[in-house]
1. Hey, among the residues in the stretch 44-57 that are polar (S, T, N, Q) and touching a residue at least 60 places away in the same chain (Cβ under 8 Å), which one's surrounded by the fewest Cβ atoms within 10 Å (Cβ to Cβ)?
2. Please state which of the following conditions V41 fails to meet, knowing it meets all the rest: (1) modelled with pLDDT of 95 or more; (2) touching a helix residue (DSSP H, G or I) at 6+ places or on another chain (Cβ under 9 Å); (3) more than 30 Å from D220 (Cβ to Cβ).
3. Exactly one condition in (1) of a type outside the set (V, I, T); (2) modelled with pLDDT of 95 or more; (3) under 15 Å from the mean Cα position of the chain (by Cα); (4) within 21 Å of R91 (Cα to Cα) is false for D149; which is it?
4. Just for the stretch 63-95: of the residues that are buried (at least 16 other Cβ atoms within 10 Å of the Cβ) and of a type in the set (S, T, Y), which one is modelled with the highest pLDDT?
5. So is I60 under 19 Å from the mean Cα position of the chain (by Cα), among the β-branched types (V, I, T) and either crowded, with 16+ Cβ neighbours inside 10 Å or not assigned by TED's automatic domain parsing to the domain that holds E166 (or both) or not?
6. If you scan the stretch 5-43, which residues turn out to be crowded, with 23+ Cβ neighbours inside 10 Å, in contact (Cβ under 8 Å) with a residue 60 or more places away in the chain and part of a helix (DSSP H, G or I)?
7. Which residue out of W167, W192 is under 23 Å from G95 (Cβ atoms), surrounded by fewer than 20 Cβ atoms within 10 Å (Cβ to Cβ), of a type in the set (A, V, I, L, M, F, W, C) and in the same structural domain as E98 (by TED's automatic domain parsing)?
Amino acid sequence: MIPSPRAVLFDLDGTLADTIEDLGGAFNRVLESHGYPVFPVERYKTMVGNGFLALTRRAIPPEAAADDTLVERINAEAEELYSEHFLDLTRPFPGIPELLTALSGRGILLAVLSNKPDRMVKRIVRSLFPDRDFFVTEGNKPSMPHKPDPTAALSIVAHSGIPSSEWCFVGDSGVDMKTGRAAGMLPLGAVWGYRSREEMTAGGAAALLEAPLDLLRYFDSPGSFVPRR
């Protein structure tokens, strides 16, 4: 049995917010400006998740990805363009505002951890959820390794005063599930997001959530959930 959860750490893209139209659109415009092939926006759902630089390397042709200087330049262009358009079409997933309200009403601590650059994460969360008081909203910083390394998640835990065993990690990818497990949290997969059930299960998901409000059952019936090993 697990203790009653007291805190939830959320991924951002594909979990709290549907960001793919703005992200894919920005990358496609940059790719097109360099004469590179572009992708259907839906394809970006399988390309995101390991940080902006990793996405750049996946999006550009292999010969370009072998040139670190070129990669850095294209990455900077993509970051700049995306930062100008990341709230054009991005919206919370249906059910997320209601979930956050319900969790806050139960006194649950809420936090966000993303592999997206930190300044972007803070602006997106602040804009989409202006009335929500997240304990921490954190994106990738040069001083911290990307998920699935648990360093950033464990830092959030340490500052919260709540042990990892009383946290849920909600995300939509295998990377998120691995992060949650490595940090000693309960990893729960968001089926409404961008990645497959199979990927989340292979990454170590203790359970899959069909819709955001399904998370509430772990708070309404404390101690009743036995994680899959």
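The values are calculated or read from the model by the stated rules, or taken from the named source; none is laboratory data. None of the values given here were measured: they were computed from a predicted structure. Note that we place each Cβ from the backbone using ideal geometry, even for glycine, and neighbour counts take in every protein chain shown.
1. Step one: list which residues in the stretch 44-57 are polar (S, T, N, Q), which gives 46, 50, 56.
Add one more test, that the residue is touching a residue at least 60 places away in the same chain (Cβ under 8 Å), and what stays is 46, 50.
Working: T46: 14, N50: 17.
Among those that are polar (S, T, N, Q) and touching a residue at least 60 places away in the same chain (Cβ under 8 Å), it is T46.
2. Among (1) modelled with pLDDT of 95 or more; (2) touching a helix residue (DSSP H, G or I) at 6+ places or on another chain (Cβ under 9 Å); (3) more than 30 Å from D220 (Cβ to Cβ), the lone unmet condition for V41 is (1).
3. Going through (1) of a type outside the set (V, I, T); (2) modelled with pLDDT of 95 or more; (3) under 15 Å from the mean Cα position of the chain (by Cα); (4) within 21 Å of R91 (Cα to Cα) one by one, D149 breaks only (4).
4. T90
5. no
6. L23
7. W192
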